[in-house]
1. For the chain, which span is the longest to avoid every loop-located (per DSSP) member of trypsin sites (Lys or Arg not before Pro) having at most 10 other Cβ atoms inside 10 Å?
2. Calculate the FRET efficiency for residue 104 and residue 144 from the Cβ-Cβ distance with a Förster distance of 25 Å, rounded to the nearest 0.05.
3. Pull up the cross-link candidates among the aspartates and glutamates for residue 29, meaning alpha carbon to alpha carbon under 20 Å and not fewer than 8 places away within one chain.
4. Calculated from the structure, percent of Cα pairs over 23 Å apart equals which of (i) 73; (ii) 47; (iii) 60?
5. Could you work out [θ]222 nm for the chain from helices alone, using -39500 (n - 2.57) per DSSP H run of at least four and dividing by all its residues? Round to the nearest 500 deg cm²/dmol.
6. Enumerate the lysines that residue 150 could reach by cross-link, defined here as Cα to Cα under 24 Å, with residues fewer than 8 away along the same chain left out.
7. With the Cα gyration tensor of segment 161-215 giving a ≥ b ≥ c as the square roots of its eigenvalues, does the rule (a/c under 1.5 for rounded; else a/b larger than b/c for prolate; else oblate) give rounded, prolate or oblate?
8. Which of rounded, prolate, oblate describes segment 104-236, given a ≥ b ≥ c as roots of the alpha-carbon gyration tensor eigenvalues and a/c under 1.5 marking rounded, otherwise prolate only if a/b is larger than b/c?
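Laboratory data are not the source of any read-out in this text; all were calculated from the coordinates shown. Source: prediction; values computed, not measured. Reconstructed Cβ throughout: ideal geometry from the backbone, glycine too, with neighbour counts over all protein chains shown.
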Amino acid sequence: MDAVLRAILFDFNGVLVDDEPIHLELLQKVLAEEGLVLTSEEYYRAKYVGLDDRACFTKVLDSTGRTASPETLSRLIARKAAYYQLRIRQQGYPIFPGAAELIAAAAEAGLMLGVVSAALREEVEGALEQLAATGRFKALVTIEDVRETKPDPEPYRRGLELLNALPPLPRRLLHPHEVLAVEDTPAGLRSAAAAGLMTLGVAHTYAADELAAADHVVPSLADVSLGRLRELFARS
């Protein structure tokens with residue numbers, strides 16, 4: 001029997017919002033103010049993509065022999081968050097082509113939707129508001145909601161739990177194999193797979209061959225309709 005798609009959990013940065021270049025720029029800005037340098041090549045090759053701000057700053061500080069104390073990390077994270085909010089207020093969230101259309105089609109078809117991300121909750125909520133999609137999303141899992149981040153399965157397990165527990169309650173509980181996770185990083189794919197979810201890799205940030213662990217890979221959200229998504233899901 002073909003699998004039936006009942007819910008979609010989207011990653012945020014790199015899937016719905018094209019802000020990885022912004023995060024890199026602001027990470028570099030904050031580090032430069034501390035006398036530290038992080039090149040674009042180091043950022044992408046050393047797998048900083050997909051890490052939350054705390055993990056990024058910790059990784060850089062550790063690599064330079066500096067102490068990543070809780071006080072230092074909190075100061076750096078707060079400064080970067082302030083720069084990010086200023087940029088978004090000036091320019092808005094850069095939404096990936098196809099994101100709004102897929103969200104609307106999935107919601108209108110009755111699928112349950114959620115976001116599972118290492119971003120701050122205010123960032124996720126701000127982007128969904130810009131997309132006029134706040135009411136379409138049942139579950140939001142952000143960095144504030146988990147102890148462990150991707151590639152640990154905790155974020156996606158939490159997302160599945162919220163889909164089942166928050167009203168309106170589903171007629172029957174969702175099982176992991178009925179939920180699709182949409183990710184753009186290998187770490188995110190490992191997190192979702194470890195939680196038992198089906199996975200779709202979107203080659204926004206990494207090349208398709210680097211997302212080979214996904215059940216299916218597409219070039220971008222603009223290249224997949226809900227109908228096509230259901231076909232891929234049923235074949236997985």
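1. Between the exposed loop sites, the longest stretch runs 1-146.
2. After rounding, the FRET efficiency stands at 0.40.
3. 18, 19, 20, 41, 42, 52, 53, 62, 71, 123
4. (ii)
5. -13500 deg cm²/dmol
6. Output for residue 150: 47, 59, 80, 138.
7. Prolate is the answer for segment 161-215, as a/c is 1.5 or above and a/b outweighs b/c.
8. rounded
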